[in-house]
Amino acid sequence: MDGQTITAAPVLILLGPPGAGKGTQARMLEEKFGLVQLSTGDLLRAAVAQGTEAGKQAKAVMDAGGLVSDDIVIAILRDRLAEPDCAQGVILDGFPRTTVQAEALDTLLAENGQRIDAAISLEVDDAAMVTRISGRYTCAACGEGYHDVFKQPSQPETCDKCGGTQMKRRADDKAETVASRLEAYHAQTAPLIGYYDDKGALTRIDAMGDIGDIAADMGAIVKTATAR
Ligand code: AMP
């Protein structure tokens, strides 16, 4: 194994409540910097769709807006991180979500001679999150994101990016589930802001503004972090 390459690969963490724009920003950073977006939510949804043992255990918890057990999520992330494309650097979107996961990540990275380059906290107003989340949907073919109020495709039900005509909404984006997801965030994930601040790795970004402005701020942080 080429230790140099692995040590140099940047590792970035995106923190923020559901609806803060972690997925959107991670995809933009992926395109701009050639990093791999690693979303444990996507990995879990794939496990549910494939009917794996982990997926079966995770489904009810996800539908209720709670957090899947640390053991399951850490195992899924560890397997994905070991795939060759991750050697070019990763943006963790939605992981870690608990202190146990954060500590497991530190151990996992240390074993590979890696460390966290930056943890970016997307700071938003809780009340706005319910509107943001409950209106969002994506193109089933390419994953481009849309919103009932903020970003509609130019032709109804037709993706601007790939022309796909199948749109889908996440089962857990219902208003009633969003409240549970926000509660889980504040109780279990928000303490990680202090965890990374103590390590000197944290940057906070106001994520209520324009997507392009936020992306520019994020890009500057990533550039600094990856140049070290
Ligand atoms: P997301 O797509 O990141 O909003 O995640 C969707 C759902 O997957 C969450 O509401 C949780 O139920 C589950 N999930 C995703 N990532 C994690 C994680 N790191 N720890 C525990 N549960 C997770």
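For segment 76-83, state whether one or more residues are more than 16 Å from the chain's Cα centre (by Cα) and not in a helix (DSSP H, G or I).
yes
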Legend entry - Residue identified as within 11 Å of the ligand (Cβ to nearest atom), within 25 Å of TYR196 (Cβ to Cβ) and either open to solvent by less than 60 Å² (accessible area, probe 1.4 Å) or not in a helix (DSSP H, G or I) (or both) among GLY113, GLY66: GLY66
Legend entry - For ARG181: the one exception among (1) in contact (Cβ under 8 Å) with a residue 40 or more places away in the chain; (2) open to solvent by 50 Å² or more (accessible area, probe 1.4 Å); (3) among the charged types (D, E, K, R): (2)
Legend entry - Among residues of segment 170-205, those that are away from the ligand (no atom under 16 Å from the Cβ) and out of contact with any Asp or Glu (no Cβ under 6 Å at 6 or more places or on another chain), counted: 8
Legend entry - Matching residues in segment 143-162 - criterion: being under 20 Å from the mean Cα position of the chain (by Cα) and exposed (fewer than 13 other Cβ atoms within 10 Å of the Cβ): none
Legend entry - Verdict on ALA54 being aliphatic (A, V, I, L, M), over 28 Å from SER180 (Cβ atoms), more than 11 Å from the ligand (Cβ to nearest atom) and outside any strand (DSSP E or B): no
Legend entry - Of all residues making up segment 186-228, the number that are in a loop (DSSP other than H, G, I, E, B) and within 24 Å of GLU103 (Cα to Cα): 5
Legend entry - Whichever residue in segment 85-110 is closer than 21 Å to LYS32 by Cβ and in a helix (DSSP H, G or I) and, among such residues, is least open to solvent (accessible area, probe 1.4 Å): CYS86
Legend entry - Test set (1) in a helix (DSSP H, G or I); (2) near the ligand (Cβ under 8 Å from one of its atoms); (3) under 13 Å from the mean Cα position of the chain (by Cα); (4) touching a residue at least 40 places away in the same chain (Cβ under 8 Å) - LEU44 fails condition number: (4)
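The values are calculated or read from the model by the stated rules, or taken from the named source; none is laboratory data. Bear in mind the structure is a predicted one, so any value in this text is a computation, not a measurement. All Cβ positions, even for glycine, are placed from backbone atoms using ideal geometry, and neighbour counts span all protein chains on display. Areas reflect the complete protein model, heavy atoms only, side chains present, ligands, DNA and RNA absent. Shrake-Rupley method; radii C 1.70, N 1.55, O 1.52, S 1.80 Å.
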